[in-house]
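The values are calculated or read from the model by the stated rules, or taken from the named source; none is laboratory data. Since the model is a prediction, treat every value here as computed from it, not as a measurement. Cβ placement follows ideal geometry from the backbone for every residue including glycine, while neighbour counts extend to all protein chains displayed. Remember, those area values only see protein heavy atoms, side chains included, never the ligands or the DNA or RNA. Shrake-Rupley method; radii C 1.70, N 1.55, O 1.52, S 1.80 Å.
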Amino acid sequence: MVKHTPKEALIVQKYLIPNAIRKNRPTVIVEGEFDARTISKFCKTKSIDIDPLDMADSNDKKGDLIKLVQQWPNQSVVIGIVDADYDGILQDMYDYANLLPYGENIFDTSPFTDMNILLISDLKLEKYLLSENLSANGISNVISIVEWFGVLRILKKRYEYKNNCRVHIPLSELRKRIVQSRIEPPQTIEVFSKKLEEISPHNTKRFFDDIRKFNRLEKVLSRFANEGIEFRRYINGHDLSSMMKLFGAKGRQRHIEERLISRAKFEELKEVKLFTQLKEWGSQHSIEIF
């Protein structure tokens with residue numbers, strides 16, 4: 001992938017879609033390079049283009065991609081693919097309506113949170129972690145911590161939707177501090193939440209007070225267990241690969257994710273909603289994508 005300066009990237013994005021429409025060149029725009037490599041691995045035709053969104057300085061690639069594609073309605077030549085993140089599970093757990101789908105010409109990874117998790121959709125999480133040579137203790141730690149990340153991400157989105165606000169809790173920074181051994185891996189979800197609160201801005205106090213007052217951590221974990229909610233609906237792929245690295249998986253986070261792509265088999269994924277949508281889209285343009 002060619003690296004562009006922010007100014008060059010804006011020019012590329014400005015002309016990418018109109019050029020594709022003018023040339024009638026079917027084009028898929030995705031959030032990042034991992035997503036592009038995943039789709040490219042299974043794609044058996046050179047009759048479509050697959051482009052990651054080239055906006056390195058974007059704080060919301062998903063939102064920017066959706067806005068970009070939807071500037072050109074009433075066409076089917078260009079589509080966007082985005083992570084569903086936690087919108088699907090919020091719809092089910094809290095009856096929020098109309099979060100998914102995202103609109104015309106936008107496909108998403110639901111019911112999976114993101115492309116990483118989609119690729120292990122046919123495996124049990126424990127089996128996948130075992131294949132990465134993690135110990136039994138390492139597997140237990142990884143599953144617990146990524147589950148806690150998922151709980152806080154769900155509660156963050158729930159609070160934002162309910163109160164029409166943004167909650168700036170630095171989950172990625174907490175993940176980095178754990179991986180870099182700047183703090184000990186938390187042993188309970190209460191400690192996890194406390195560590196997060198310690199590095200969060202003061203204006204997030206109401207969010208953490210809400211969690212404590214209504215025992216929301218325990219309630220979400222109980223719903224996971226009692227309702228049999230699958231890990232693929234609440235685990236974030238980057239949380240998972242980061243914790244795998246910490247607890248014994250070989251190589252850097254990038255290497256872990258590359259191995260995930262390399263072991264994925266289309267036969268095990270062909271019934272996944274995203275791939276059936278892509279297949280139907282290709283058929284509209286007389287292209288056999290897979």
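Going through Ser76, Ser58 one at a time, which residue ends up being more than 25 Å from Asn236 (Cβ to Cβ) and outside any strand (DSSP E or B)? Spell out the reasoning first.
On the way: Ser58 fails: more than 25 Å from Asn236 (Cβ to Cβ).
Being more than 25 Å from Asn236 (Cβ to Cβ) and outside any strand (DSSP E or B) holds for just one of Ser76, Ser58, which is Ser76.
Out of curiosity, is Ile154 open to solvent by less than 10 Å² (accessible area, probe 1.4 Å), under 14 Å from the mean Cα position of the chain (by Cα) and either at pLDDT below 95 or more than 30 Å from Thr204 (Cβ to Cβ) (or both)? Write out each step before concluding.
Details: open to solvent by less than 10 Å² (accessible area, probe 1.4 Å): yes; under 14 Å from the mean Cα position of the chain (by Cα): yes; either at pLDDT below 95 or more than 30 Å from Thr204 (Cβ to Cβ) (or both): no.
For Ile154, the condition - open to solvent by less than 10 Å² (accessible area, probe 1.4 Å), under 14 Å from the mean Cα position of the chain (by Cα) and either at pLDDT below 95 or more than 30 Å from Thr204 (Cβ to Cβ) (or both) - is not met.
Scanning the stretch 66-96 for residues that are in contact (Cβ under 8 Å) with a residue 40 or more places away in the chain, open to solvent by less than 20 Å² (accessible area, probe 1.4 Å), under 14 Å from Asp35 (Cβ atoms) and not β-branched (Val, Ile, Thr) yields a count of 1. The residues listed here are Ala84, Ala136; of these, the one that is hydrophobic (A, V, I, L, M, F, W, C) and closer than 21 Å to Gln70 by Cα is Ala84. For Asp51, state whether it is charged (D, E, K, R), in contact with a helix residue (DSSP H, G or I) (Cβ under 7 Å, 6 or more places away or on another chain) and closer than 22 Å to Pro111 by Cα. Taking the combined requirement at face value, the residue does not satisfy it.
Listed here are the residues, each with its yes/no results for (1) among the charged types (D, E, K, R); (2) over 12 Å from Ile145 (Cα atoms); (3) touching a Leu at 6+ places or on another chain (Cβ under 7 Å).
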site	(1), (2), (3)
Asn163	no, yes, no
Ser172	no, yes, no
Thr188	no, no, no
Arg206	yes, yes, no
Asp209	yes, yes, no
Lys219	yes, yes, no
Arg233	yes, yes, no
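Could you list, in sequence order, all residues of the stretch 257-268 that are small (Gly, Ala, Ser) and surrounded by 14 or more Cβ atoms within 10 Å (Cβ to Cβ)?
Residues of the stretch 257-268 that are small (Gly, Ala, Ser), as a first pass: 262, 264.
The answer is Ala264, and nothing else.
Can you tell me which residues in the stretch 104-133 are over 18 Å from the mean Cα position of the chain (by Cα), assigned to a loop (DSSP other than H, G, I, E, B) and either among the small types (Gly, Ala, Ser) or surrounded by fewer than 16 Cβ atoms within 10 Å (Cβ to Cβ) (or both)? The answer is Glu104, Lys124, Asn133. The set of residues in the stretch 269-285 being in contact with a Ser or Thr (Cβ under 9 Å, 6 or more places away or on another chain) and surrounded by fewer than 13 Cβ atoms within 10 Å (Cβ to Cβ) consists of Lys270, Gln284.
Would it be correct to say that Asp85 is modelled with pLDDT of 95 or more, under 30 Å from Met244 (Cα atoms) and among the acidic types (Asp, Glu)? Taking the combined requirement at face value, the residue satisfies it. Restricting attention to the stretch 246-256, the residues being surrounded by 15 or more Cβ atoms within 10 Å (Cβ to Cβ), outside any loop (DSSP other than H, G, I, E, B) and modelled with pLDDT of 95 or more number 2. With the condition kept exactly as written, say whether any residue in the stretch 249-263 is touching a residue at least 12 places away in the same chain (Cβ under 8 Å) and within 24 Å of His168 (Cβ to Cβ). Looking through the stretch 249-263, at least one residue is touching a residue at least 12 places away in the same chain (Cβ under 8 Å) and within 24 Å of His168 (Cβ to Cβ). On the basis of being touching a residue at least 40 places away in the same chain (Cβ under 8 Å), open to solvent by 40 Å² or more (accessible area, probe 1.4 Å), out of contact with any strand residue (DSSP E or B) (no Cβ under 9 Å at 6 or more places or on another chain) and not basic (Lys, Arg), does Glu147 make the cut? The answer is yes for Glu147.
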